Amino acid sequence: MKIAVVAPARSITPEAAARAQGFAALLYPQVELTYDPQCFADGGHFAGNDALRAETFLKYANDPGFAAIWFARGGYGSNRILDVVMPGLGAAARAKTYMGYSDMGFVLGALYARGIGKPVHGPMATEATERNKGAPAGRALAWLVEQNRAALEPGLHGRPAAAFNMAILTAMLGTPWMPDLTDHVLILEEVGEAVYRIDRMMWQIADATQLRGIAGIRLGSVTAIPEGAGEAEFGDTLERIMLRWCRSMNVPYLGRAAVGHDATNTVVPFGVA
């Protein structure tokens, strides 16, 4: 089985790639993990310019020799290439699994909106580290290689679902890249944002016409909240924020989920697992 690693947003180091390849070889020796040199390109904030990132994505998405694309990391930038890559995806791209999260939500959402491939919110290829003992990357590979259900977020229960970083989702609203999530449980996570910004994003989510008809909302991890911008300073908790805006949407708040920018990040296929 061949899995391609590409970086539609920011670059990674060769050391991170070697670590992931070694980890994958230990767990699944039958897997060939291919890193395109574009992953290490230096294009300012990005892993190469927009044209290079789009060309590389299309190269592997349209290659029938690869079963999946595993995104290298997030950051910012995958939205800038959607208008090029989405029209360029052919038949081979429709058979692939695509896994990532954070900024990769732009790509996953756009793929899902067009019924292309199997988009999956899950850990990325840089997440085999000493600190997390490779647990997130192990879950990602377990799903990519053998669709091991032990890697799934435990609260999916066979219902249609989709997972997004809040900032990415709110940026997609009002654009043609936003998928129809009618009857889906929407799982949200965030990193590095003040609690007042989370409340503001939930206000936008609650009023978004493109999200009318969702079946409910769950909250994943909310990590790295800036100092002085937490629940105490805002005067409310994340749970009460979620309850308030779910009431405004007239949808149930379904509690927490093991999804987000931390070692608990599990796998959420878009749609029904």
Item to check | Anchor K96: aspartates and glutamates whose Cα lies under 14 Å away (excluding residues fewer than 8 positions away in-chain) | outcome: D63, E146
Item to check | Signed unit charges on C-beta, dipole axis of the chain, positive-most listed residue M178, P64, G255 | outcome: P64
Next on the checklist: At 1.4 Å probe size, with the rest of the protein present, what percent of the exposed accessible area of the chain is carbon and sulfur atoms?
Outcome noted: 52
Next on the checklist: To test your reading of the geometry: what angle, between 0 and 90 degrees and rounded to tens, separates the Cα axis of helix 50-61 from the longest principal axis of the chain?
Outcome noted: 70
Next on the checklist: Using 0.36 nm times the number of residues separating R80 and D50, minus their current alpha carbon distance, what extension gain do you get?
Outcome noted: 10.1 nm
Checklist entry - Could the peptides 226-237, 13-24 be put in order, highest first, of the mean number of other beta-carbon atoms found within 10 Å of their residues? => result 13-24, 226-237
Item to check | Nearest 10 degrees, 0 to 90: helix 14-27 Cα axis against the chain principal axis | outcome: 90
Checklist entry - Distance from the Cα centre of segment 112-155 to that of segment 170-207, in angstrom? => result 22
Checklist entry - What does the convex hull of the Cα atoms of segment 46-164 come to per residue, in Å³, rounded to a whole number? => result 113
Checklist outcome for this item: Under a 1.4 Å probe, counting only protein heavy atoms, S11 has an accessible area in Å², nearest 10, of 40
Checklist entry - When N is the residue count of segment 179-273, what does its C-alpha Rg come to as a fraction of 2.2 N^0.38 Å? => result 1.07
Checklist entry - Given a 1.4 Å probe, how much area per residue of the chain is accessible, in Å²? => result 41
Item to check | In Hz, Karplus ³J(HN,Hα) per residue of segment 110-123 (6.51, -1.76, 1.60; θ = phi - 60°; x = Gly, Pro) | outcome: 5, 4, 5, 4, 9, x, 9, x, 10, x, 9, 7, x, x
Next on the checklist: Compute the helix-to-body angle for 135-146: its Cα long axis versus the longest principal axis of the chain, expressed 0 to 90° and rounded to tens.
Outcome noted: 60
Checklist outcome for this item: In deg cm²/dmol, rounded to the nearest 500, the helical mean residue ellipticity at 222 nm of the chain, built from -39500 (n - 2.57) for every DSSP H run of length 4 or more, is -9000 deg cm²/dmol
Checklist entry - Using modelled amide H (1.01 Å from N, peptide plane; none on Pro or chain starts), what sits under 5 Å from the amide H of I187, excluding residues fewer than 5 places away? => result A162, A163, F164, R218
Checklist outcome for this item: Under 5 Å from the placed amide H of K118, counting only residues 5+ away or on other chains, we find K96, T97, Y98
Checklist outcome for this item: Pseudo-spin-label distance D207 to L243, built 7 Å along Cα→Cβ, given in nm, is 2.4
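The values are calculated or read from the model by the stated rules, or taken from the named source; none is laboratory data. Just so it is clear, the structure is predicted and the values come from calculations on it, not from any experiment. Here the Cβ is made from the backbone with ideal geometry for all residues, glycine too, and neighbour counts use every protein chain on show. Quick note on the areas: whole protein, heavy atoms, side chains included, nothing else; ligands and nucleic acids left out. Shrake-Rupley method; radii C 1.70, N 1.55, O 1.52, S 1.80 Å.
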